Every structure is written in structure tokens, then in C-alpha cells.
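Encoded as C-alpha cells, the structure appears first; notes follow it.
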Amino acid sequence: MFRPGPKNLITDIAGLKVGHATNEAVRTGITAVLCESGWAAAVDVRGGGPGTRETEALAPENLVGRAHAVVLAGGSVFGLAAADGVAASLSARGLGLQLRSGSPPIPIVPCAVLHDLANGGDKNWGLSPPYRDLGVHASSAAQADFALGSVGAGRGALAGLRKGGIGSASLDLQGGLVVGALVAVNSVGSALMPDGKTYWAWPFELEKEFGGGGPPQSLMDLSDPAPEEARLLALGRLKPGANTTIAVVACNADLSTVECKRVAMMAQDGIARAVRPAHTPFDGDTVFALASAELALGEDLLRAAQIGRIGSAAADCLARAIARAVHFS
């Protein structure tokens, strides 16, 4: 039987570090996932209102296809500046692409943002949004252990009508293969069934990692899976780009950029398993995939089967991470 990794965090994959930076006055923050040596990477966007940076650098048909960090940020468009802070911090440490001797290293730092501007806090920052500085702090704070819940990019997040936040989970697939996910949940849809206590992701829970509630007590609990549109409208939630689930999935296999793209696409199913509804016109659902190349896979059809296994596990990890984000918030 498969089990979570030792930490049940995305950092069970060796070489990954995660740092949060939270501004309590603004009620926002950012979360940086560092893979400093430059890992194969890709991204898949399914939501109708995304906010992203450097995603084209990860397109399989383009040149780079690697990342030195991935940033998840609050702040909507202003949060994209967090990637500037992370990139500057990594470059100052000599990390990134060295295209010419003597020139600054160029870290590739893709970013996705969520909209928390209407979720409280002092957003009167004028010409000085806090996100670049938060990026610098998150990069410096990155380590293998990190908090879940209402921290970092999840500080001002909502999941439907409940608190959202940061979640993470991992899965040891044995034979040395490890898969993990990290997510910031700020979705239109809910992570909970209409009974208000059962997670949509309950079939995927391992070792009571989000409370051990099990299945709903009654089939009546499944009678109305849609959110309460009137209440969401009143809260200003039904606006393009005002909500999103943004995530990073990772593994320690030797995937190419093209193969990372397939894993990111498959991992999107984890959002659909854990949030109802998912991928709406109002969300910016975005999933990045990273691979460390520590473990060599097979060739030909065996390799394709292994990639399918990794993608399936990534979707399960992402569903679990979403439930954990709400559980710990």
C-alpha cells in the first residue's frame, strides 16, 4: 500500500525547498518553491481567468523548459512582482542560466497569482506594492519544512465561502519514486460537500491527513454540489480572475519538458476531484510540474506507462493537498 513520504510535503522530493513570506497587515503573502539547480518544468492552465509570468518559457516548443523556482502569490497582477524578488535573490547567490561570462546569472522563475484584493487587509500601498520584497524574504526563508494553512500565498485566500490556504501532500510510489504537490486554494468552488464537513477529496485521504472524516453520512449530502451563486455574487467572488487554485506538482524522475507537460495536465484532475466546480470562467487554475531527474525511468512503452503513473499520483496528491489547505486554515 502506498503511503505519504516522511513529511507528507512536496519537499519529500530531495532538492526542493519551500519558503513563505506573509504580510499580516495587508493580509497577503507569497510562497516560493525553489529547485535551484534548474529542473525540467512545464505548466498547464485550465481556469478562465489566469494571472501568470514566464509560462511561455516552459512551453515544450521553446528554448528553456526549465525553472529555478516557481512562485505562487497573492495580490492578483501586483503579486507577479514576487517573482522579481525571487529571481533577484537567486541571481545574487550565483544561481541561474549563465549565458555569458561576467554577466549576472538569469534564474527562470515562473509565477501564478491568485486574487485576494477583496479579502480584507490594508491594500492602500500606492506605488509600493509589497510583493517584490515578499519574494526576497520567501527565497531566503525556503527550507524543507514549512507551514500549511493561512500563510504565504494562502493568507488571504478563500475556498468557496470558507477559508482557503496552502496545502501540500506527497506519495511514495516505492522503488525510489516520489511524487508531491503544493497548492494555494482560492477557488470559486468548495472543497467541502454540501454537508459542510465532508471533503470532496475524502476517497484519496491517507492516514487521516485532513481529519479522517470519511464518506458523507447520507446520500442527501450529495444533493446539491453547486456553490450558492447568490452568496458568491454578494461577496464579489464571481468575477473573472477573482479566484483560483494554483499549484506545483513535482517528482524525482528524469522527465523532459514534454513529459512534465503531460504530468501537469493529468494533475489538473486533482483540482476537479477536490473542488466543485473546478476550472470555471472565474478561476485561473494553473498547475506547474517539476522533475529533478534523480531517478531514471525506462524506455518506450514502459516509460510512457511510468509517466502515466506519475501523473495519476500527482492528481491524487493535489486533491489531498487541497483538502489539507482548507483543513489547516
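Being among the aliphatic types (A, V, I, L, M), at pLDDT below 95 and either crowded, with 18+ Cβ neighbours inside 10 Å or touching a strand residue (DSSP E or B) at 6+ places or on another chain (Cβ under 9 Å) (or both) is a property that residue 99 has.
Looking only at residues in region 170-210 that are part of a loop (DSSP other than H, G, I, E, B) and among the aliphatic types (A, V, I, L, M), which one is surrounded by the most Cβ atoms within 10 Å (Cβ to Cβ)? Looking at the filtered set, the residue picked out is 188.
Within the option set 74, 85, 94, being farther than 14 Å from residue 52 by Cβ and free of Cβ contacts under 8 Å to residues at least 40 places away in the same chain holds for one residue only, 94. There is no residue in region 188-198 that is modelled with pLDDT of 95 or more, of a type outside the set (A, V, I, L, M, F, W, C) and farther than 15 Å from residue 324 by Cα. Quick check, is residue 289 aliphatic (A, V, I, L, M) and in a helix (DSSP H, G or I)? No. With the condition kept exactly as written, say whether any residue in region 65-82 is buried (at least 23 other Cβ atoms within 10 Å of the Cβ), in contact with a Phe, Trp or Tyr (Cβ under 7 Å, 6 or more places away or on another chain), not in a loop (DSSP other than H, G, I, E, B) and not hydrophobic (A, V, I, L, M, F, W, C). Yes: region 65-82 contains one or more residues that are buried (at least 23 other Cβ atoms within 10 Å of the Cβ), in contact with a Phe, Trp or Tyr (Cβ under 7 Å, 6 or more places away or on another chain), not in a loop (DSSP other than H, G, I, E, B) and not hydrophobic (A, V, I, L, M, F, W, C). The residues listed here are 118, 144, 153; of these, the one that is small (Gly, Ala, Ser) and either more than 28 Å from residue 15 (Cβ to Cβ) or at pLDDT below 95 (or both) is 118. Within the set 253, 296, 313, the sole residue that is more than 18 Å from residue 67 (Cβ to Cβ) and buried (at least 24 other Cβ atoms within 10 Å of the Cβ) turns out to be 313. For residues that are charged (D, E, K, R) and part of a loop (DSSP other than H, G, I, E, B), scanning just region 22-38, find the one that is surrounded by the fewest Cβ atoms within 10 Å (Cβ to Cβ). Going through the qualifying residues, I end up with 24. Got at least one residue in region 300-308 being within 30 Å of residue 162 (Cα to Cα) and either surrounded by 19 or more Cβ atoms within 10 Å (Cβ to Cβ) or aromatic (Phe, Trp, Tyr) (or both)? Among the residues of region 300-308, not one is within 30 Å of residue 162 (Cα to Cα) and either surrounded by 19 or more Cβ atoms within 10 Å (Cβ to Cβ) or aromatic (Phe, Trp, Tyr) (or both), which makes the answer no. Residues in region 292-309 that are part of a strand (DSSP E or B) and either modelled with pLDDT under 95 or not charged (D, E, K, R) (or both): 292, 293, 295. Consider region 83-94 and keep the residues that are part of a helix (DSSP H, G or I) and of a type outside the set (Gly, Ala, Ser). The one that is farthest from residue 26 (Cα to Cα) is 90.
The values are calculated or read from the model by the stated rules, or taken from the named source; none is laboratory data. All values derive from a computational prediction rather than experimental measurement. Cβ sites come from the backbone with ideal geometry, for glycine too, and all protein chains shown count toward neighbours.
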